Amino acid sequence: MTVLVLLDHEEGQIRQASRSAVQAAATLGTVHALVVGDEAAAGAAAKIAGVEKVLLATDPALAHELAEPVATLLVSLAGDYSHIVAAATATGKNILPRAAALLDVQPIPDVVEIVDADTFVRPIYAGNALATVRSSDGKKVLTVRAANFDPAPADGGTADVATLAPVASPATSQFIAVELSQSERPELDSARVVVSGGRGMQNAENFRLLEPLADRLGAAIGASRAAVDSGFVANELQVGQTGKIVAPELYVALGISGAIQHLAGMKDSKVIVAINKDPEAPIFQVADYGIVGDLFTVLPELESALG
Amino acid sequence: MKILVPVKRVIDYNVKVRVKADGSGVETAGVKMSMNPFDEIAVEEAVRLKEKGAATEIVAVSIGVQQAQDTLRTAMAMGADRAILVLTEESPEPLAVAKILRALVEREQPGIVLLGKQAIDDDMNATGQMLAGLLDRPQGTFASKVEIEGESVRVTREIDGGLETVSLQLPAIITADLRLNEPRYASLPNIMKARKKPLETIAAGDLGVDVAPRLTVVKVAEPPARKAGVMVGSAAELVEKLRSEAKVI
Ligand SMILES: Cc1cc2nc3c(=O)[nH]c(=O)nc-3n(C[C@H](O)[C@H](O)[C@H](O)COP(=O)(O)OP(=O)(O)OC[C@H]3O[C@@H](n4cnc5c(N)ncnc54)[C@H](O)[C@@H]3O)c2cc1C
Ligand SMILES: Nc1ncnc2c1ncn2[C@@H]1O[C@H](COP(=O)(O)O)[C@@H](O)[C@H]1O
């Protein structure tokens, strides 16, 4: 079996989540990788351990990875593959279901475990249940949760890069602009430590009080939906059912109550710390270590204890 | 312009879902059901577009059992003009839902189909993208802003690194994310009015769509429980435990 993995890239690099997708795909068969619109990223993809061949699509119509042309491209390539895989990122979730529909396939999103070539485990109901599903489709189209598969090493591969011919696609959608947040911190979905704040942070200014702690721990910063909706931080920091799914070594939740939708995004973290003034807050039910107290008092104490 | 809004009846988001002892699914008997929260946001957006004069008619659609009528009445109480219930024995998979919606789109010819980004029961996040593919129409998924500009629609999308803006030629498919708007509560007079709005029922079979599932559920299980943690008295004690016991810092 040969599997095609659509890779997410950023500034000439392959995102770590996509290396996890490669690792997952390698358990199914030989891995070919598809990189859209970035030659440098194709070079990086060729070095990933386990990638046998890289397909590079350079057609200008594919720049910005709009779903319409990329799904068309995937369909044109699909004939050679048993599975089409991507990381469950915004890009993967935007493109793969569209390609699946064109192939008359029911996609399998957010796979957390591959049982065999046809059988996969995926969370449903915000992670309150795990469904094992068997697909009867001839071809499988899946997105995988990066947090559940170790990333394939970025080095060690020596794949050839083949450049693809352009595909015809109607230009009914047009890229206008992108606003990416600049941050020196590790990426939220692959950070070793995540420090998250909720409504308890009160406002945007107070939310920044988490930065020294995050700096000290080399952590990414996350947030609850309430913190994002209240405008304390940008949308891409939301952790949860409909935000980022994270599983760091250490997750520190400050002023977060622990609604199931939030837990859905972080309860697979190795160690969870919760700081909340309400002893009944549900976050304590999943926390390994809890402190009941005012976070504005505990935070400076924590920083000084860390030294 | 007409807007079609697919709304799904799901277990209410406040309910703590329980897995059935025999592993065949989750407990639904006697459980509170509501409109999928993302679909409320989609309905709200459609109503606002109509209030702004950008849309003329809003048609809510649900695919599922008879009780999905309640969900459609809610959509009409929020401002949808009429509703269509496509009757099936259970809620079909996104591929089948997308095929049913395609048949309705061909009949109704809406300028926009505005879906939720994700149903909070199956968490698929797929139907809108699939419908767009089947219809060969442009898609604006995970929308946090929707602006009609003549023959096109500008959609701001929530992506992993921030926000992306695309312009789609109409007709188009849009899926609503959490921050698109805050849905209104239906007022009592509007709930009363909604009872008189037209609700058409169609048997899925009459649309000629094959709804047979492609995925067989082998089993549904509880996720592994986390073992109980401990409360610590101070930040210093926490740091000590993280260093020497958990060894994560
Ligand atoms: C369809 C849907 C999808 C959703 N998706 C997500 C998602 O992806 N991610 C997500 O996070 N949520 C999501 N939610 C929202 C979720 O249900 C909760 O509303 C949200 O997580 C609450 O955020 P919070 O814990 O910050 O706020 P609250 O629930 O308001 O909790 C604030 C907490 O801070 C504590 N606190 C206040 N002041 C202090 C202080 N000084 N010191 C210490 N503690 C303090 C309080 O005791 C309280 O426990 C979703 C909801 C829906 C309906
Ligand atoms: N049975 C259904 N009836 C009506 N709309 C649906 C149904 N299933 C899915 N949808 C729509 O598709 C969106 C995404 O659902 P899903 O792809 O299942 O996560 C939902 O938010 C609804 O707008």
ask   = In segment A:148-191, how many are within 14 Å of chain B (Cβ to nearest Cβ), open to solvent by less than 70 Å² (accessible area, probe 1.4 Å) and small (Gly, Ala, Ser)?
value = 6
key: All positions within segment A:66-96 that are free of Cβ contacts under 8 Å to residues at least 24 places away in the same chain and closer than 23 Å to B:Phe142 by Cα   = A:Ala90
note = Every listed condition ((1) among the small types (Gly, Ala, Ser); (2) open to solvent by 30 Å² or more (accessible area, probe 1.4 Å); (3) under 22 Å from the mean Cα position of the chain (by Cα)) holds for A:Gly231 save (3)
Failed criterion for A:Ala71 (all others in (1) more than 15 Å from B:Met124 (Cα to Cα); (2) open to solvent by 10 Å² or more (accessible area, probe 1.4 Å) hold) = (2)
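So that you can scan it fast, the table gives a plain yes or no per residue for (1) more than 7 Å from ligand 1 (Cβ to nearest atom); (2) at pLDDT below 95; (3) open to solvent by 10 Å² or more (accessible area, probe 1.4 Å):
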residue: A:Ala226; (1), (2), (3): no, no, yes
residue: A:Lys244; (1), (2), (3): yes, no, yes
residue: A:Ala281; (1), (2), (3): no, no, no
residue: A:Val286; (1), (2), (3): yes, no, yes
residue: A:Ile291; (1), (2), (3): yes, no, no
residue: A:Asp294; (1), (2), (3): no, no, yes
remark   = Restricting attention to segment B:180-202, the residues that are surrounded by fewer than 22 Cβ atoms within 10 Å (Cβ to Cβ), more than 9 Å from chain A (Cβ to nearest Cβ) and within 16 Å of ligand 1 (Cβ to nearest atom) number exactly 4
request  = Scan segment B:156-179 and give yes if some residue there is at pLDDT below 95, at the interface with chain A (Cβ under 9 Å from one of its Cβ atoms) and part of a loop (DSSP other than H, G, I, E, B), otherwise no.
outcome  = yes
task = For A:Ala131, work out the one condition from (1) outside the structural domain of A:Pro60 (by TED's automatic domain parsing); (2) free of Cβ contacts under 8 Å to residues at least 24 places away in the same chain; (3) open to solvent by less than 40 Å² (accessible area, probe 1.4 Å) it doesn't fulfil.
result = (1)
remark   = All-but-one check, B:Ile41 against (1) within 16 Å of ligand 1 (Cβ to nearest atom); (2) among the hydrophobic types (A, V, I, L, M, F, W, C); (3) more than 26 Å from B:Ser152 (Cβ to Cβ), failing number (3)
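The values are calculated or read from the model by the stated rules, or taken from the named source; none is laboratory data. Just so we're clear, the structure is a prediction, and the values are computed from it rather than from any experiment. Because the Cβ atoms are built from the backbone with ideal geometry, glycine has one as well, and the counts that use them run over all protein chains shown. These accessible areas exclude ligands, DNA and RNA; they are computed on the full protein's heavy atoms, side chains included. Shrake-Rupley method; radii C 1.70, N 1.55, O 1.52, S 1.80 Å.
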